[in-house]
Amino acid sequence: MTSATTSPGRRFSLPAALLLFCALALRPADLFAGDEKVWLTAGQDAAREMVVSWASAVEIRTALLHYGPTRRPGVAPVRYPLVANAAIKECFGGKLGCVYHAPLKKLKPDTEYAYRIVAEGRALAEATFRTAPTDACEPFSFAVFGDSHSLDGGAAKRYDELLLDVQAHGARVAFNMGDMVNRGDKADEWADFLAQSTVAGRRLPIMPVMGNHDHGPGKGNAQHMSRIFRTPANNEPNLRSHYSVRYGGALFAVLSNHDGDPAEQAAWLDKELTQTDAVWKFVFIHEPFLTCALFGHEPDEEKVGRYFLPLFRKHRVDMVFSGHNHMYELFQPYDGEKFVSDPAKGTIHVTSGGAAKGERIMLLPPSFSCEGRVQSAMRYHFLMITVEGDSLSLEFWDEGGLSGGGLTGPEEHLRLVKPGTPVCHPETVPQTPSP
Ligand SMILES: [Fe+2]
Ligand SMILES: [Fe+2]
């Protein structure tokens, strides 16, 4: 006899009864192994696509995402009208367990959604996120920080505090500039990183940039980082380590020095930048092309500038963000060969590797000059960039010296204007008199 009777007239098979027992016995803390690990990754069209990902300590057979637009900000629907399967599962074992991805498509632009993760019929976690606007005039802020180096590595003990500050001060999307962990081939380090990230990452998409500590094991999409983050991978080899995201009036293009051929990435970037009608073009790459560090890394350490710098000039890329050196640097516009005064004729390069505690002295003494550098700091920090139609501002937020512990700021370090692109306030544009 292989069935159990639970009530008159209803019979369950033994496997079904065991599954039901396991589901009732598992609590959310068991599935998350004590730490919730939930994170968001924006899709290529961030106005309509989002991937909700989570990790569980044990393998889940039925993993669903219930979701729907909120009725009021922060208020989840009484009943979630939509259900998505966690269609992708990646199992690692150890502290990370299994990772589930629920890709959501056909979302409404500029809309807050609530979601609930449901495993074996039980709710694990709930949160909200907001999709990107499609209107290039709609203002939004994005945050940049880098080199968190995971909890086990000991560098970024306050990374979760930094993320809460980033979220509290209005970022709609964020970029971790790489070196998220110390050893990318160790799944347990990613478990620590994701547990830290969840405080804000369950509501705020934090887009990954592959650093020299993040890759492995092996190459391509088999690497831990590429299995953990379901990025758009909208390139010919479909590598998840480089991708682009359209967000409002901006195009974000992420490159990787540690996965894929730089010539192929350059061809892909050239195509992306040619096709886009974005007002603002931003590139993210871990190793900086411009940097001056004492006991730090040299500029263009991976020798890929010859592939990318001409493209920044050709397509008038506005800003390039990097990490790698654990500090902050802001440079004058650079046209690939020389510094220029007009931002319309060059690209502004920024180093923001300050989500790592400054464990080494990298900043040059004032007596040393660094050509083209207009700001620098050895501070635990993040940057907030606000785009509003044809204007942009960059703010530096100090998390409290080398070791964090007290947010101060912001200091505005940069303001750019591209007059008339797009025309967001038609009433301020002089009207052509009619004949
Ligand atoms: Fe680093
Ligand atoms: Fe690095």
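The numbers here are math on the coordinates, done by the rules we state, and not lab data. What you see is a predicted model; the values in this text were computed from it and never measured. All Cβ positions, even for glycine, are placed from backbone atoms using ideal geometry, and neighbour counts span all protein chains on display.
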Ranked packing of 337-349, 304-316, most packed first, by mean Cβ within 10 Å:
304-316, 337-349
Determine the shape class of the range 155-261: with a ≥ b ≥ c the square roots of the Cα gyration tensor eigenvalues, call it rounded for a/c under 1.5, and otherwise prolate if a/b is greater than b/c, oblate otherwise.
oblate
Under the 7 Å Cα-to-Cβ spin-label approximation, GLU388 and LYS314 lie apart by a distance in nanometres of 3.5 nm
Applying the gyration tensor rule to the Cα atoms of the range 140-417 (axes a ≥ b ≥ c; rounded if a/c under 1.5, else prolate if a/b exceeds b/c, else oblate), the class is rounded
Under the Karplus relation 6.51 cos²θ - 1.76 cosθ + 1.60, θ = phi - 60°, what is the ordered set of whole-Hz ³J(HN,Hα) values for the range 320-333, x standing for Gly and Pro?
10, 10, 9, x, 6, 8, 7, 6, 10, 9, 10, 10, 4, x
What is the distance, in nm, between label points placed 7 Å from the Cα along the Cα-to-Cβ direction at GLU302 and at GLU59?
3.4 nm
Please report the Cα spread of the range 87-239 along all three principal axes, rounded to whole Å, starting with the longest.
41, 37, 35
What ranking do GLU399, GLU301, GLU411 get, fewest neighbouring Cβ atoms within 10 angstrom at the top?
GLU411, GLU301, GLU399
Proxy exposure order for GLU161, GLU412 (fewest C-beta within 10 Å first) is GLU412, GLU161
Once the range 28-130 is represented by equal point scatterers at the alpha-carbon sites, with solvent omitted, what log10 I(q)/I(0) does the Debye formula produce at q = 0.12, 0.16, 0.17, 0.22 Å⁻¹?
-0.37, -0.65, -0.73, -1.15
Given a cut-off of under 8 Å on Cα pairs at least six residues apart, what relative contact order in percent is computed for the range 28-130?
30 percent
Could you run the Karplus curve 6.51 cos²θ - 1.76 cosθ + 1.60 with θ = phi - 60° over the range 222-232 and give me ³J(HN,Hα) per residue in whole Hz, x for Gly and Pro?
7, 5, 3, 4, 6, 7, 7, 10, 8, 6, x
Once every DSSP H run of n ≥ 4 in the chain is given -39500 (n - 2.57) and the sum is divided by its residues, what mean residue ellipticity at 222 nm do you get, rounded to the nearest 500 deg cm²/dmol?
-5000 deg cm²/dmol
Per its Cα gyration tensor (rounded if a/c is under 1.5, else prolate when a/b beats b/c, else oblate), the range 293-335 is best filed as oblate
Defining a contact as two alpha carbons under 8 Å apart and six or more residues distant in sequence, what relative contact order in percent does the chain show?
13 percent
Unit charges on C-beta of K, R, D, E only; dipole of the chain, Debye:
1720 debye
Charge dipole of the chain built from unit charges on the beta carbon (Lys, Arg +1; Asp, Glu -1), centred at mean Cα; most positive-end Cα among SER141, LEU239, ALA293 is LEU239
Just list whichever of LYS37/LYS219; LYS345/LYS418; LYS37/LYS95; LYS271/LYS338; LYS314/LYS338 have alpha carbons separated by over 19 Å in the model shown.
LYS37/LYS219; LYS271/LYS338
Taking placed amide H atoms and a strict 5 Å upper bound, the residues 5 or more places from CYS91 or on another chain that come that close are VAL99
Using a simple charge model, +1 on the beta-carbon of Lys and Arg, -1 on the beta-carbon of Asp and Glu, nothing else, what dipole does the range 28-130 show about its Cα centre, in debye to the nearest 20?
380 debye
